[in-house]
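Encoded as structure tokens, the structure appears first; notes follow it.
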Amino acid sequence: MVGSLFAYRRDRLSLLMRMIQECGDVSCFHFGPFPLVLFNTPEYVHNIFVEHAYDFDKGEAMHKAFRPLIGNGIFISEGDFHRRQRKLIAPPFQPRHISSYADLMVKYSEQIQQGWKNGETVDVSQEMTQKMIDERRPNAEERNDLLSILLQARGEDGSRMSDEQISDESLTLFGAGHETTATALTWAWYLLATHPEVYREMQHEVDSVLQDRTPTYADLARLPYTLQVLKETLRLYPPAYAISRVAQHDIDIDGYLIHKNEYALVSPYTLHRRPDYFPDPEKFDPQRFTPENEKLLPRYAYMPFGAGPRICIGNHFAMLEGHLLLAALAQRVTFELVAGQKVAPDPNATLTLRPKRGVKMIVRRRDMGR
Ligand code: HEM
């Protein structure tokens with residue numbers, strides 16, 4: 001009855017890694033009485049999230065857990081309703097629209113870093129999360145925010161969302177977008193601080209491109225190494241480290257039969273550690289994501305934002321925010337890891353892959369004496 005429940009509760013990342021190391025591309029474990037099948041190839045990702053996207057749903061357990069928090073928001077809604085909501089909400093998240101948020105993102109990052117004193121110790125995990133909300137509050141009158149976007153959304157027939165649905169969707173977008181991006185940035189600073197040669201190269205790029213100017217959207221195309229750092233961070237520490245689906249009926253996944261109500265699981269954390277696509281997988285190496293190297297990766301070998309019709313709606317937004325904030329903060333400060341800390345992902349992370357005890361860093365201001 002218990003299956004791997006205790007092992008999962010104790011350390012789910014180790015359990016997932018053990019499964020693929022011991023059993024290969026498809027492995028099965030029991031979560032209490034429920035069988036859960038872990039698929040670990042890009043081809044299976046395509047099968048489950050693209051080809052059979054509508055043969056699966058998120059399952060009763062997920063619906064029950066999230067409904068009290070986000071009602072019927074897009075993260076858990078299903079079927080035609082999900083498709084309609086997705087169409088309604090998607091336009092402002094498309095690449096051609098998100099550039100308009102860049103200045104606001106940089107403005108908040110400036111406010112945050114200006115508050116740091118040289119030599120001060122901060123917990124970057126908190127700084128990347130709570131401070132953002134604090135900085136946002138006094139500026140609640142800004143009109144380019146997510147709530148305004150939802151209020152403006154119209155269906156093809158001109159219809160709008162009900163107030164209740166707007167409330168569900170804004171809670172969803174805030175919940176789905178906030179902690180994930182903060183987690184990604186936290187790991188990026190940790191990896192940079194522990195790989196000084198990468199940190200130096202990124203700061204060199206930022207300094208030579210920006211020449212002391214605050215970054216803008218237009219600068220990003222000339223900051224490719226900074227983007228590579230972000231992508232490599234999302235490979236090693238994908239905030240959404242496991243994505244599950246429940247079969248609505250018996251489904252043949254390339255010869256493997258998933259029965260109705262069984263769980264299919266894909267873990268970007270284990271998938272991103274396949275040595276055939278990412279040699280020496282534990283090594284932090286932004287060179288994996290030069291445009292030439294990235295082209296060599298099979299589709300779906302790298303999927304920090306999921307895949308198929310339910311792929312993260314905020315993926316371009318998150319990449320823009322991460323890219324800009326890395327550049328804007330690296331320009332002004334260098335983070336130095338406080339010695340003697342054990343930084344590791346929380347083995348019991350339920351939603352995102354956060355560091356267990358935060359990450360304490362000393363802020364070294366780069367603008368001292370200028
Ligand atoms: C680094 C940051 C982020 C990561 C790693 C991430 C990851 C993901 C993943 C893996 C999914 C797919 C879940 C599934 O298939 O079950 C997802 C869905 C979603 N994400 Fe993100 N996300 C990030 C940032 C954001 C942002 C900034 C927003 C909004 C502002 C957002 C909003 C959403 C929403 C609404 C969904 C549900 C989409 C649907 O089911 O149609 N995410 N995200």
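Values quoted throughout were computed directly from the atomic coordinates according to the rules given, and no laboratory measurement underlies them. Owing to the predicted nature of the structure, the values given are computational and were not obtained by experimental measurement. Virtual Cβ from ideal backbone geometry, glycine too; neighbours counted across all protein chains shown.
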* Asked: For residue 30 and residue 81, FRET efficiency with R0 = 45 Å and r from the beta-carbon atoms, rounded to 0.05?
  -> 0.90
* Asked: So what is the calculated 222 nm ellipticity per residue for the chain, using -39500 (n - 2.57) for each DSSP H run with n of 4 or more, over all residues, to the nearest 500 deg cm²/dmol?
  -> -13500 deg cm²/dmol
* How many nm is it between the label spots at residue 162 and residue 51, if each spot is 7 Å from the Cα in line with the beta carbon? -> 3.9
* Setting aside same-chain residues fewer than 8 positions from residue 64, which lysines have a Cα under 22 Å from its Cα? -> 260
* To do: Sequence neighbours fewer than 8 away in the same chain don't count; with that in mind, list the aspartates and glutamates whose C-alpha is under 15 Å from residue 283.
  => 197, 232
* To do: Count the DSSP beta bridges whose two residues both fall in the chain, then state the antiparallel fraction as a percent rounded to the nearest 5.
  => 85
* Structure fact -> Longest principal axis of the chain (C-alpha) makes with the long axis of helix 12-23 (C-alpha) an angle, in degrees to the nearest 10, of 60
* Asked: Using the per-residue mean of other Cβ atoms lying within 10 Å as a proxy for protection, in what order, highest first, do the peptides 93-100, 247-254, 322-329 fall?
  -> 322-329, 247-254, 93-100
* To do: At 0.36 nm per residue, minus the direct Cα-Cα distance, what do residue 11 and residue 23 gain on full extension? Give it in nm, one decimal, please.
  => 2.5 nm
* Net dipole in debye of the chain [+1 Lys, Arg Cβ; -1 Asp, Glu Cβ; about Cα centre; nearest 20] -> 720
* Structure fact -> Sparse-neighbourhood loop hits (chymotrypsin sites (Phe, Trp or Tyr not before Pro), the stretch 147-199; DSSP loop; Cβ within 10 Å at most 11 others) -> none
* **Label-point separation in nm, residue 114 to residue 366, each point 7 Å along Cα→Cβ** => 1.9
* Structure fact -> The whole-number value in µm²/s of the Stokes-Einstein translational diffusion coefficient for the chain, with Rh from the Kirkwood sum over alpha carbon pairs at 10 °C and 1.306 mPa s, is 73
* Asked: Over all distinct alpha-carbon pairs, what is the Kirkwood Rh of the stretch 83-239 in angstrom?
  -> 17.8
* Distance violations [Cα-Cα > 20 Å] among 231/295; 87/231; 117/231 -> 87/231; 117/231
